[in-house]
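> What follows is a structure written as structure tokens; I'll ask about it next.
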Amino acid sequence: MNENRPTVPAPAQDITVKNRNKMSITGVTEVVSFDETAVELRTVCGELCVEGDGLHIGVLDTERGIVTLEGKSVDGIYYPHADSGERKGIWGRWRK
């Protein structure tokens, strides 16, 4: 084994929300769909959905994996459950 070989870190995903109206996401591989109320993305961690009001994409750079969103408000962020289409996490419980 070659123990001196550097390891390549796995791609990471970061999500930053500022003042509930600006958002930055890294680790994005594809924008699936978007409109003023929802943005669906594929990321290194799976599909990600952002819900809000007046949403628009500021930066879209899938080569670097960066997307920024702005709008009147970011109301929900969730990873849909792959098998059932249900929402996971705290946002999913709030929105049901």
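Coordinate-derived values only; no laboratory data. The model shown is predicted, which means the values in this text are computed figures rather than measured ones. Cβ coordinates were reconstructed from backbone atoms using ideal geometry, including for glycine residues, and neighbour counts include every protein chain displayed.
> Given H placed 1.01 Å from N in the peptide plane, which residues other than close sequence neighbours of ILE66 have an amide H under 5 Å from its amide H?
For ILE66, the qualifying residues are VAL28, ASP61.
> How far is it, in nm, from the label point at LYS22 to the one at LEU60 when both lie 7 Å from their Cα along the line to the Cβ?
The modelled label-to-label distance comes out at 2.1 nm.
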